[in-house]
Each structure stands twice: as C-alpha cells, then as structure tokens.
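One structure is given here, and the rest of the page talks about it.
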Amino acid sequence: MDAALGFRVHTGWAAAVAVSLAGAAGPPRVIERRRVDLAEARDVEEAQVFHRAADMALPAARALIDRARSDALRLARAGIDAACAEIDAAGHRVVALGVVLGGVGVPDELEAILKSHPLIHSAEGELYRAALMEAGEARGLSVTGVPARMLLEQGALVLGVDAEELRGQLVEMGRGIGKPWAQDQKESALVAWLALAAAHPPGRRPGRGGPHGRDGQHGQRGHRRS
C-alpha cells in the first residue's frame, strides 16, 4: 500500500507522520510518528544559525550557514531513509513527502536576511524545510509543500470535504494511537495526505508532480542559497 511522509518543522528538528490510504474513500491511516533531528546541536539557540550569524562577519556567517545546510541535508536523508525502511518493512511503500511551509519569502542575499530580524526567523525554518524537500527529491519521492496558513483550506479543496469535516477527520485519525497527537502531528498528517493525493491525482498515473507536487507546488520551495 502506498504511503507518504509529512513534516512540520521546528528549529533543528521536525515532527513527522506517515499515512497510508485505508481504502478508496475516507481518511488515510496513520502508520508512523517520529521526530527527525535536522541539526547536530541539541540546544535551540545553537540550532538558530541565522541568529548566530547575525553577530558575525559575512564570510564567517556564510560558512556557518553552509555547514548547517550540509548537516541538515545529511540528517534529513538519514531520517527519511530510516522512516522509509521501517514503513517498507511493515508492508507499505513510501511514494511521497509533504512539508508544511512558512508564509514569508526569504531573499537570496544573506546580507539582506541578516539585517532583518523577521527574515532571520523565517530563514531558520526555510533552511530545515529545504533540507527535507531536497532529501525527498533525492530519494525520488513526489514532493509537496503547502504553506501553513493555507493548509486546512487547501486540504478541504483538494480532498473535497468541508473544512470543519476535515478538522474532525484529523482528530479521528489520532484516536487509538496515543500521544502525541497535537497540532504538529495533525498538520504533518494532513500535508502527508495531500502529498499522497498529489502523487496519485485522478486521471493520472502515479508519479512526481501533480496539483501540489514539485511541478505545481503551492507556496515557496523553501530553499534559499546565501
């Protein structure tokens, strides 16, 4: 049975939920929950590399962020590989990956980012989201990104249900599996569901892209080079 991974990113880590379609209709089934670390640092302040870079000369700041990007991509690949291995062993096949995106575009120029505290905050999340999306693409998964502010609205539109009904379905998906099943897990589950829908759109063979996939994704890619 095809499955998808969904991620809700925090500084240096992400909440992950995997879902698999339970049948032709209705919500998917939650088959995996985990935390994926995306930074070597275990301290939030240390993982906030753009905040740290703001106090450095530009060459040192760029080197710090490049190291953080490299670490995040390596850890994202390892985390996705580990999750896929367990899911595959349980008889499923991961074909898609979804990431809840931020709502603010981040410029390419590192100097511009470091001059703006709101952009520094946005860039922190974008670094870790970009690592997950790049790692998913490298594994050949159909990758979907949906901005957090549009997630419920887009979910209702794509899945053909009322927004309140969708809220209820997300609550029901967590019943019987125990904690945690908070906002992180619900959003991760929903973006995974949308990623699975994008990988298998009506009238198209399974594959990459689709209404919300990499060739028609809602929201920004989440990947900015400094």
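The values are calculated or read from the model by the stated rules, or taken from the named source; none is laboratory data. For clarity, every value in this text was computed on a predicted model and none was experimentally measured. For neighbour counting, all protein chains shown are included, and Cβ atoms are generated from backbone atoms with ideal geometry for every residue, glycine included.
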task: Hey, could you check region 1-41 for residues that are among the acidic types (Asp, Glu) and in a strand (DSSP E or B) and say which is surrounded by the fewest Cβ atoms within 10 Å (Cβ to Cβ)?
output: Asp2
- line: Given the conditions (1) at pLDDT below 95; (2) part of a helix (DSSP H, G or I), every one holds for Ala61 apart from (1)
Residue in region 133-144 that is under 27 Å from Arg69 (Cβ atoms), in contact with a helix residue (DSSP H, G or I) (Cβ under 9 Å, 6 or more places away or on another chain) and among the polar types (S, T, N, Q) present: yes
- prompt: Residues in region 14-68 that are over 30 Å from Gly91 (Cβ atoms) and in contact with a helix residue (DSSP H, G or I) (Cβ under 7 Å, 6 or more places away or on another chain): how many?
  reply: 17
query: Regarding Gly209, is this residue buried (at least 24 other Cβ atoms within 10 Å of the Cβ), in contact with an Asp or Glu (Cβ under 8 Å, 6 or more places away or on another chain) and at pLDDT below 95?
result: no
field: Leu97 being aliphatic (A, V, I, L, M) and more than 15 Å from Glu124 (Cα to Cα)
entry: yes
field: Exclusive hit being at pLDDT below 95 and either touching a strand residue (DSSP E or B) at 6+ places or on another chain (Cβ under 9 Å) or not aromatic (Phe, Trp, Tyr) (or both), set Asp71, Asp37, Asp108
entry: Asp108
query: Which of (1) crowded, with 17+ Cβ neighbours inside 10 Å; (2) under 24 Å from Asp184 (Cα atoms) is the odd one out, the single condition Leu114 does not satisfy?
result: (2)
message: Just the residues that are more than 17 Å from the chain's Cα centre (by Cα) and buried (at least 23 other Cβ atoms within 10 Å of the Cβ), please, taken from region 66-105.
response: Ala68
- prompt: Which residue out of Asp71, Asp81 is closer than 24 Å to Met1 by Cα and either in contact with a helix residue (DSSP H, G or I) (Cβ under 9 Å, 6 or more places away or on another chain) or free of Cβ contacts under 8 Å to residues at least 24 places away in the same chain (or both)?
  reply: Asp81
- request: Output yes when any residue across region 120-128 is in a helix (DSSP H, G or I), under 19 Å from Ala18 (Cα atoms) and touching a residue at least 40 places away in the same chain (Cβ under 8 Å), and no when none is.
  value: yes
query: Of the residues that make up region 43-58, is at least one of a type in the set (A, V, I, L, M, F, W, C), in a loop (DSSP other than H, G, I, E, B), modelled with pLDDT under 95 and loosely packed, with under 15 Cβ neighbours inside 10 Å?
result: no
